[in-house]
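The values are calculated or read from the model by the stated rules, or taken from the named source; none is laboratory data. Fair warning: this is a prediction, and the values are worked out from it, not measured in the lab. Positions of Cβ are generated from backbone atoms using ideal geometry, with glycine treated the same way; all protein chains shown enter the neighbour counts. Side chains included, ligands, DNA and RNA excluded: accessible areas come from the protein's heavy atoms. Shrake-Rupley method; radii C 1.70, N 1.55, O 1.52, S 1.80 Å.
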Amino acid sequence: MRPHVLPRADLEELLAARGSAAAVRRLADSEWSWRLQLLTALRRALTDAGRDYTDAWQLLGRAQRTAPGPVRELLLHPGVGTWAAHALRLVRGSAVSPHPGDVEPRRLYAVAAAAAAVAGLEGRLAVPAWQGTVSLPSLGLAVLADPGGAREEWSEAVVAFGGGAARVAGAAEWLPLRQLGIGTAVLDDVDPYRGLLRAELPQRLSDADCEEWRAVAEAGLEVLRQVDPDAAEAIVAGLRVVVPLAAAEPHRPRSASSGDAFGAVLASFPDSAEQFAATLVHEFAHNRLGALFHLQDFYAEGDGRLRYAPWRDDPRPLGGLLQGVYAFTAVARFWQARATGGDQLARFEAALWRRQTRRALESLADDPALTGAGRRLVAALTAELASLPEGGQTSPAASDHAAAWRAWHLAVPREQAEGLLRRYRDGAERPEPELTADQAVVVPAPAAADFDARAVLARHRLTGAWPPPSVGGAVPGDRELAERQPRSAAEAYRAALRDDPTHVPALVGLGLALAEERTESDPTALALLRRPELVLALARHGAPPEPTATWLGHALLSPPPVPTANPGH
């Protein structure tokens with residue numbers, strides 16, 4: 001198989017989180033080769049495990065030889081990639097299936113039957129049926145007639161193909177994939193591998209819901225065309241599938257994508273066309289970088305360090321952080337273009353994501369685990385971000401997120417905490433510099449969540465939806481802070497800390513309120529926002545949070561440290 005070489009102009013565009021429609025089509029060509037390699041690896045692994053499925057492989061090969069174009073399109077369907085990668089992990093023993101036997105790898109038979117159908121072949125093939133449904137990738141789902149008894153979880157059904165179509169014996173209903181309104185992309189609510197990790201039962205949308213999706217997708221694409229026509233055309237060229245996710249809270253859209261499923265975007269129904277445009281920009285950027293990751297190594301494997309990602313509640317590995325800075329460079333560019341019209345929400349988003357992305361890129365500048373390609377990627381993204389105009393709606397959201405992350409995920413060594421506690425109880429004017437040095441290590445806290453609660457409240461305020469009925473993770477004081485009443489907010493946070501001195505949202509909220517009421521250089525606010533993990537370490541030993549923060553803050557004269565990337569324990 002010949003190696004793929006992207007033209008230099010394409011590569012330069014793509015490294016800067018851009019990419020024309022032509023560049024995206026060339027990426028799709030490279031993904032075709034990747035998909036063939038994946039299927040080849042799966043065949044070898046199955047053969048080695050004594051499950052060669054010769055009849056399915058032979059039918060798939062005959063279909064590809066007969067109609068290479070249509071079969072290529074079918075095999076590039078994102079659900080095929082997700083299934084094949086999952087099946088390979090199952091066969092190799094690096095994943096575990098909740099389903100019996102080899103029913104998941106045997107989806108190969110459904111892939112082969114669908115390929116035979118689009119190739120115009122004639123024949124029949126038995127395929128797996130899951131709870132009375134048979135999914136044929138890129139085509140749709142057959143719902144089998146229910147004879148009135150209890151359905152078996154897994155069974156078999158026969159697919160007859162011929163004349164360019166497939167028919168499932170015993171089907172009472174056929175549910176085709178429906179067009180989305182963006183190029184040739186479809187709304188996929190039936191493929192069992194439309195998600196990211198494992199098989200899921202169909203969640204068929206009503207016709208009315210489908211029409212709403214189509215309308216918001218078309219409107220979102222138009223929003224993007226207005227500010228970045230090249231980005232819009234690239235998405236039209238590369239998007240294959242949108243997978244609806246469960247409804248999300250306002251201003252908290254849910255979305256995802258996977259390197260195994262080029263061309264797929266998973267998304268909750270958006271608040272607006274503008275929000276959906278931002279989601280497309282975000283997730284399709286992940287698609288592009290995922291394809292580049294298949295072509296070249298951007299970082300050394302085996303680097304186990306966890307890093308701060310200013311858009312996630314959890315610590316991230318290097319590959320995840322690179323994906324983040326890539327996607328949010330594109331997101332910041334989108335919102336910056338929208339902000340030129342004076343929209344307050346767009347100005348807020350542009351300023352926030354420009355600042356957060358810059359912070360993450362600075363943390364990556366000298367990362368020793370980056371390869372040459374990784375360093376070029378970081379340099380290109382840094383230059384692209386620097387080209388965006390400064391200004392916009394300022395917000396404490398960035399400081400809020402960083403402080404919450406440090407408080408939840410950084411563990412202070414016992415010796416350091418005990419030394420600080422001794423000095424505090426001895427009445428020392430301030431701690432020695434070595435006792436405030438950044439020695440903490442990353443220890444992920446599974447319970448950490450909703451770091452963006454106050455940012456969500458700010459978005460509600462900017463869009464006039466005030467007061468909102470509820471915001472997940474918001475605590476007493478947060479609404480007052482959003483209303484620019486820092487003194488009232490501070491009192492609410494102090495009350496929470498009297499009940500629980502280690503209450504992270506109240507601890508960070510108090511720092512934000514004091515920074516607004518006084519100044520950002522207020523010693524108490526400095527400690528609560530820059531080094532909350534030290535305040536928490538002392539609070540766990542009975543030291544009162546606010547006086548401790550004031551004491552620590554006098555020693556914090558240097559610029560705020562970037563959250564550490566030490567190995568987790």
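Numbers at a glance
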| read-out | value |
| --- | --- |
| Sole residue being of a type in the set (Lys, Arg) and more than 31 Å from the chain's Cα centre (by Cα), chosen from 124, 92 | 124 |
| Residues located in the range 1-46, provided they are modelled with pLDDT under 95 and of a type in the set (Val, Ile, Thr) | 5 |
| Per-region count, the range 246-268, residues out of contact with any strand residue (DSSP E or B) (no Cβ under 7 Å at 6 or more places or on another chain) and either aromatic (Phe, Trp, Tyr) or closer than 21 Å to residue 460 by Cβ (or both) | 5 |
| Selection from the range 104-141 of residues that are open to solvent by 30 Å² or more (accessible area, probe 1.4 Å), closer than 17 Å to residue 152 by Cβ and in a loop (DSSP other than H, G, I, E, B) | 131 |
| Test set (1) in contact with a Phe, Trp or Tyr (Cβ under 8 Å, 6 or more places away or on another chain); (2) over 30 Å from residue 102 (Cα atoms); (3) assigned to a loop (DSSP other than H, G, I, E, B) - residue 213 fails condition number | (3) |
| Test: residue in the range 437-445 that is polar (S, T, N, Q), open to solvent by 60 Å² or more (accessible area, probe 1.4 Å), in a loop (DSSP other than H, G, I, E, B) and free of Cβ contacts under 8 Å to residues at least 60 places away in the same chain | yes |
| Failed criterion for residue 292 (all others in (1) open to solvent by less than 10 Å² (accessible area, probe 1.4 Å); (2) in a helix (DSSP H, G or I); (3) more than 17 Å from residue 30 (Cα to Cα) hold) | (3) |
| Qualifying residue in the range 368-382 (condition: touching a strand residue (DSSP E or B) at 6+ places or on another chain (Cβ under 8 Å), small (Gly, Ala, Ser) and modelled with pLDDT of 95 or more) | yes |
| Candidates 51, 26 - the one that is in contact (Cβ under 8 Å) with a residue 12 or more places away in the chain, touching a Pro at 6+ places or on another chain (Cβ under 8 Å) and either among the hydrophobic types (A, V, I, L, M, F, W, C) or in a loop (DSSP other than H, G, I, E, B) (or both) | 51 |
| Filter result (in a loop (DSSP other than H, G, I, E, B), of a type in the set (A, V, I, L, M, F, W, C) and in contact with a His (Cβ under 6 Å, 6 or more places away or on another chain)) within the range 467-498 | none |
| Residue match in the range 335-347 (condition: under 30 Å from residue 446 (Cβ atoms) and open to solvent by less than 30 Å² (accessible area, probe 1.4 Å)) | no |
| Residue among 309, 277, 332 that alone is under 16 Å from the mean Cα position of the chain (by Cα), within 24 Å of residue 448 (Cβ to Cβ) and open to solvent by less than 10 Å² (accessible area, probe 1.4 Å) | 309 |
| Subset of the range 23-81 (residues that are within 17 Å of residue 293 (Cβ to Cβ), of a type in the set (S, T, N, Q) and open to solvent by 30 Å² or more (accessible area, probe 1.4 Å)) | 37 |
| All positions within the range 195-210 that are open to solvent by 20 Å² or more (accessible area, probe 1.4 Å) and part of a loop (DSSP other than H, G, I, E, B) | 196, 197, 198, 200, 201, 202, 203, 204, 205, 206 |
| Residue in the range 491-505 that is farthest from the chain's Cα centre (by Cα), counting only those that are open to solvent by less than 20 Å² (accessible area, probe 1.4 Å) and over 23 Å from residue 442 (Cβ atoms) | 497 |
| From 227, 186, 243, residue being crowded, with 20+ Cβ neighbours inside 10 Å, out of contact with any helix residue (DSSP H, G or I) (no Cβ under 7 Å at 6 or more places or on another chain) and farther than 30 Å from residue 473 by Cβ | 186 |
| Residue 233 being among the acidic types (Asp, Glu) and either open to solvent by less than 20 Å² (accessible area, probe 1.4 Å) or in contact with an Asp or Glu (Cβ under 8 Å, 6 or more places away or on another chain) (or both) | no |
| Test: residue 512 is in contact (Cβ under 8 Å) with a residue 60 or more places away in the chain and open to solvent by 30 Å² or more (accessible area, probe 1.4 Å) | no |
| Some residue of the range 165-175 being more than 36 Å from the chain's Cα centre (by Cα) and not in a strand (DSSP E or B) | yes |
| Single match in 297, 260, 314 (criterion: surrounded by fewer than 21 Cβ atoms within 10 Å (Cβ to Cβ) and either in a helix (DSSP H, G or I) or within 18 Å of the chain's Cα centre (by Cα) (or both)) | 314 |
| Failed item in (1) among the charged types (D, E, K, R); (2) over 27 Å from residue 304 (Cα atoms); (3) in contact with an Asp or Glu (Cβ under 6 Å, 6 or more places away or on another chain), with residue 423 passing the rest | (3) |
| Candidates 426, 367, 400, filtered to the one that is open to solvent by 30 Å² or more (accessible area, probe 1.4 Å) and of a type in the set (Asp, Glu) | 426 |
| Selected residue (criterion: most open to solvent (accessible area, probe 1.4 Å)) from residues of the range 467-483 that are at pLDDT below 95 and touching a helix residue (DSSP H, G or I) at 6+ places or on another chain (Cβ under 9 Å) | 467 |
| Residue among 410, 421 that alone is in contact with a His (Cβ under 9 Å, 6 or more places away or on another chain), open to solvent by less than 60 Å² (accessible area, probe 1.4 Å) and hydrophobic (A, V, I, L, M, F, W, C) | 421 |
| Residue in the range 449-458 that is more than 21 Å from the chain's Cα centre (by Cα), touching a residue at least 24 places away in the same chain (Cβ under 8 Å) and more than 22 Å from residue 334 (Cβ to Cβ) present | yes |
| So residue 378, is it open to solvent by less than 60 Å² (accessible area, probe 1.4 Å) and farther than 28 Å from residue 329 by Cβ | no |
